[in-house]
Amino acid sequence: MEKYNPASLEKKWQDKWFGENSFRATEDAGKDEFYCLEMLPYPSGSCHCGHLRNYALGDVLARFKSMNGFNVIHPMGFDAFGMPAENAAIAHGARPDQWTYSNIENMERQLKRMGLSYDWEREAITCNPDYYRWTQWLFELFYKRGLAYKKEAAVNWCDSCGTVLANEQVIDGKCWRCDHEVHKKNLAQWFLKITDYADELLADLDKLKGWPERVRIMQENWIGRSEGAEFSFAVENSDDKIPVYTTRPDTIFGVTFVVLAAEHPLVEKLISGQPNEVELRSFVETVKNMSDVEKTNADTEKKGMFTGVYAVNPINNKRVPIWVTNYVVYEYGTGAVMGVPAHDERDWMFATKYNLEKILVVDNPKKPLDINEMDNAYIEPGLMVNSGSFTGTDSVKGKRAVVDWLEKNNVGKRKVNYHLRDWLISRQRYWGAPIPIIYCDKCGEVLVPEDQLPVLLPTDVEFKQGALSPLSTSKSFNDCTCPKCGGHAHRETDTMDTFICSSWYYLRYTDPHNDHAPFDRDKVNYWSPVDQYIGGIEHAILHLLYSRFFTKVLRDAELLDFDEPFTNLLCQGMVIKDGAKMSKSKGNVVSPEEIIDKYGADTARLFILFAAPPERDLDWSDQGVEGSFRFLNRVWRIVNIFSEYFSDEAYSVEGLTVEEKNLRRVMHRTIKKVTEDIGERFMFNTAISSMMELVNEMHVFQDKPLNGALAREVVSSLLRMLAPFVPHITEELWSKFFDGSVHKQSFPTFDEAAIVEDEVEIVLQINGKVRGRMTLPRGLDREAIEKLALTQSRVKELTSGKTIVKVIAVPDKLVNVVVK
RNA sequence: GCGGGCGUGGCGGAAUCGGCAGACGCGUCGGACUUAGGAUCCGAUGUCCUCGGACGUAAGGGUUCAAGUCCCUUCGCCCGCACCA
């Protein structure tokens, strides 16, 4: 028998598959399509184990669906713009495009070595002008629809990356990419109006039944919708007003102070001229200089100073002091808050510290409260008290009543607030898609005409860390003529956030070579939405939220006809080794290519699918890899042994020996298990373990005669079941003993009748403890098993002298005799 | 603090609807084959045991004929959000 030699046979089949593009997807209206997608990688240089896991999962599903008759599209590409390419340029003068394309070349080679069933003709590389031309075109579409605008704002700035960041890219006050502290900077920047879609993005989360609950909840929290009211306090002896936002209008009579964020525009006016102006100003400066992390941490001690000025509560004309504090978030709501110490924990702490008045306005209906005996705020709903004409109203109803009053008296209105902010998309970096805007002295902001797209990246630039956008150093790029008036103009020198590029790539795959539109509407509608998306949880908000936003805008622009881009989402766990995530700094990195060199891609794939269920973190084990390799050798050997028995004659089940019947039953059982584990449960690990059981069962016949037709049937089923997991070895063995490609065969089907055994073992329990077993024909009813169980000597022995209280019989499973 | 998840042998993990806990793999031990084995094949492997059994799914309690699974309390770990008014 020839030895199993993965290196040569894997190469052979890869050359064939990718040489003829075996996995080409073509539209076929007569077939159900299945869009299987894994998150596209950043071309960092080489694939890591997380990639291997992600893509192996997708590949099993794509191949499985294809064998089940679906018209599968399974594309791959590269999210190729971004900082690392530019950093390479800064560090050692590499050209970002050359650096990127050589990384892509290497990673494509590695992906092919993994035997992944991609249709490479559909590849999308986001830094190709053919691609970013349409990214720019989409920006213009957003602009024309009023969804892209430039404004000056305090934005997140990362010194280390030398660029601004979107809110979603700031994690714990630090840059998502380089982990450096982010600070605020006032700049004029481009934004996409994602907040216009906040309500729909929130509501449609309910449609995403195929998404993990935690991802939906994270998005829900991120959008952070809250309903309340906005109204204004008048500043005493002045025309100024202080608008505040509250979700508790029912507590409006309990306001005893108003608090402003240090950044609030009115602060300067209020404090100037106060006797303690110097002290106040110094406090305001201290708060302004606090880092965002410190400022937004609930544990930071609440501090404040009385400005010396009073405000007037519009509902009862009560005069309350205005304080400036460190605990109001300037960016949320109006940057000013009404202080209701009796019914808000933060206000309680603040009022206690500075000895401010507390007024109870919502009482506990079950147990009346006394403000002097409370030791924290009462935040539950209840009965309104001390609230003028609202006294006695249920506080939930009171919310509405108070807002009605505010609206009627023209001092306030209903207001919905979101945590979600507009998406800041400009980046002061080179390696991204240029924003297709021209600034003309006469005409102002002008879109680059569509027929002049793409706005190409220039090559005459200087790369410098922390400088302005490198594009501004290019004369050829900067100077241009105005498309409207033909006069002198200059270009926008910022590029777009790379998350824009990856917000629509899955749509481009459906029509990757289109040169008159980003994609054709019929094609995108045929293939999309993505039936199964697979990737890491780190994109729970960023990429997944942006992509949903894009899809909705493109639907409104009638470019496509669906609301949500990804019907089902699977978030795979991390790959761990020695108790920590694999990372260069920890020195616990395993390179997939190393494993492929040593054992072959099939072993690498099998191990990573077998070691843990997809969503759980996976512990890398070198010995576990050996085990997977051993299994494939066992398959190789037993299939070759079985092939000696092969015959084409049909067999009759009755004519089989007991052991042959058992093998046949295990085969059917395994097909059922594998079909359900892949198709319904995403439990690839148990699918593999059941196939291992089948292979173990086959070993009974390694030195025992076996019906040739059954041998053939078992091997055929096994190879077809294994094919999605280990495509090379199965293709090789299939080609030796059968016709065509194993990957073009249909997935084996099972016969439920072939799985059931004639006889079943029934567990005998006394008081719930297993005390024996009996073998009975299957399908007996309750009464029959119960009767039979009571005649068993073991049961008689253990129940003698005791009273049988009850007997529970579960057909084909167990009998439990309850005795006293 | 709020939200979500998890806790099962020496290890990774099974147990899908409340019905035999520990499938499958790793490791370990034993056997066969062999000049040899770190190859291959076969077998054993939760703990304790007086060999009858007893105990056992983070801890404690509850429901049930029956609980890893359902309910309550506690502990521990992981992830996300966090002064959002």
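Quick check on chain A: of the DSSP beta bridges with both residues there, what percent are antiparallel, nearest 5%?
Around 75 percent antiparallel, to the nearest 5.
Report D for segment A:261-373 in µm² per second (integer): Stokes-Einstein, Kirkwood Rh on Cα pairs, 10 °C, 1.306 mPa s.
103
Stretched out fully, how many nm does the piece from A:His183 to A:His516 gain, at 0.36 nm a residue minus the Cα gap?
115.7 nm
If you scale each eigenvalue of the Cα gyration tensor by 5 and take the root, what three semi-axes come out for segment A:490-562, rounded to whole angstrom and sorted largest first?
That gives 20, 19, 12 Å for the three semi-axes.
Could you tell me the relative contact order of chain A? Use alpha-carbon pairs under 8 Å, at least six residues apart, and round to a whole percent.
About 14 percent, as a whole number.
As an exercise, use a Förster radius of 56 Å and the Cβ-Cβ distance of A:Met290 and A:Ser389 to find the FRET efficiency, rounded to the nearest 0.05.
That gives a FRET efficiency of 0.85.
If the chain between A:Glu345 and A:Asp622 were fully stretched, how many nm would it gain, using 0.36 nm times the residue separation less the Cα-Cα distance?
The A:Glu345-A:Asp622 span can extend by a further 94.4 nm.
Scaled to the compact-protein estimate 2.2 N^0.38 Å, what is the alpha-carbon radius of gyration of segment A:1-125, rounded to two decimal places?
1.21
Please list, by residue number, everything in segment A:676-692 whose backbone N is under 20 Å from a paramagnetic label point 7 Å out along Cα→Cβ of A:Phe737.
Backbone N within reach: A:688-692.
Using R₀ = 41 Å, calculate the FRET efficiency as 1/(1 + (r/R₀)^6) where r is the Cβ-Cβ separation of A:Ser44 and A:Lys475; round to 0.05.
Using R0 = 41 Å, I get an efficiency of 0.80.
On each of the three principal axes of the Cα atoms of segment A:692-770, give max minus min coordinate, whole Å, ordered largest first.
Sorted from largest, the Cα extents of segment A:692-770 read 57, 29, 21 Å.
How large is the Kirkwood hydrodynamic radius of segment A:384-470, in angstrom, based on all distinct alpha carbon pairs?
In segment A:384-470 this quantity evaluates to 19.0 Å.
Mind putting a number on the dipole of chain A about its Cα centre? Charges go on the C-beta only, +1 for Lys and Arg and -1 for Asp and Glu, and I need it in Debye to the nearest 20.
Dipole of chain A, to the nearest 20 debye: 1640 debye.
As I understand it, the dipole of segment A:488-606 uses +1 on the Cβ of Lys and Arg and -1 on the Cβ of Asp and Glu, about the Cα centre. Which of A:Phe550, A:Pro512, A:Gly535 lies farthest toward its positive end?
Checking the options against the dipole of segment A:488-606, the answer is A:Gly535.
Over segment A:150-275, what is the mean sequence separation of C-alpha contacts under 8 Å (at least six apart), divided by residue count, expressed as relative contact order in percent?
15
State the number of lysine pairs found in segment A:304-398 whose Cα atoms come within less than 27 Å, restricting to pairs 8 or more positions apart or on distinct chains.
Close lysine pairs found across segment A:304-398: 9.
In Å and from the alpha-carbon atoms only, list the Rg and Dmax of segment A:358-425.
Calculated on Cα positions, Rg and Dmax stand at 16.1, 53 Å.
Once you put a point 7 Å from the Cα of A:Ser800 and another 7 Å from the Cα of A:Lys704, both along the Cβ direction, what distance in nm separates them?
Going from the A:Ser800 label point to the A:Lys704 one covers 3.9 nm.
From the helices alone, meaning DSSP H stretches of at least four residues, give me the mean residue ellipticity at 222 nm for chain A, per-run term -39500 (n - 2.57), in deg cm²/dmol to the nearest 500.
-11000 deg cm²/dmol
Work out the count of Lys pairs in segment A:439-533 where the Cα-Cα distance is under 22 Å, with the pair 8 or more places apart or on different chains.
So the count of such lysine pairs works out to 4.
Considering only the other residues whose Cβ falls under 13 Å of the Cβ of A:Tyr55, what net charge follows from Lys and Arg at +1 and Asp and Glu at -1?
With Lys, Arg at +1 and Asp, Glu at -1, the neighbours total +2.
Mind listing the Cα extents of segment A:735-781 along all three principal axes, in Å, largest one first?
57, 21, 16 Å, listed from the longest principal axis down.
For a quick size check, give me the Cα extents of segment A:567-696 along its three principal axes, largest first, whole Å.
Result, largest extent first: 63, 37, 23 Å.
Report the far tail of the P(r) of segment A:3-57, meaning the percent of Cα-Cα pairs longer than 19 Å.
Above the 19 Å cut-off, segment A:3-57 has 59 percent of its Cα pairs.
How much length is gained on full extension from A:Lys303 to A:Asp404, taking 0.36 nm per residue of separation minus their Cα-Cα distance?
Full extension from A:Lys303 to A:Asp404 adds 33.0 nm.
Of A:Lys11/A:Lys598; A:Lys577/A:Lys672; A:Lys174/A:Lys586; A:Lys673/A:Lys744, which sit over 24 Å apart, Cα to Cα?
A:Lys577/A:Lys672
Place a point 7 Å from the Cα of A:Asp375 along the Cα-to-Cβ direction; which residues of segment A:322-343 have their backbone N under 19 Å from it?
Within reach of a label on A:Asp375: A:342-343.
How large is the Rg to Rh ratio of segment A:618-657 when both quantities use alpha carbon positions and Rh follows Kirkwood?
1.29
Considering the Cα trace of segment A:62-141, what is its radius of gyration and what is Dmax, both in angstroms?
16.0, 51
Using a Förster distance of 35 angstrom, determine the FRET efficiency expected from the C-beta separation of A:Asn317 and A:Asp441, and round it to 0.05.
It comes out at approximately 0.10.
How long are the semi-axes of the equivalent ellipsoid of chain A, defined as square roots of 5 times the Cα gyration tensor eigenvalues? Whole Å, largest first.
Listed largest to smallest, the semi-axes of chain A are 60, 42, 22 Å.
Taking the Cα centre as origin and putting +1 on Lys and Arg beta-carbons and -1 on Asp and Glu beta-carbons, what dipole magnitude results for segment A:721-814, to the nearest 20 debye?
In total the dipole reaches around 820 debye.
Kirkwood Rh, Cα Rg: Rg to Rh for segment A:443-557?
Taking Rg over the Kirkwood Rh, I get 1.04.
Taking every Cα atom in segment A:99-162, find the radius of gyration and the maximum pairwise distance Dmax, and write them in Å.
17.9, 50
A short reminder: the numbers here are calculations on the coordinates, not readings from a lab. Values in this document were obtained by computation on a predicted structure and should not be read as measured data. So basically every Cβ, Gly included, is an ideal-geometry build from the backbone, and we count neighbours across all protein chains shown.
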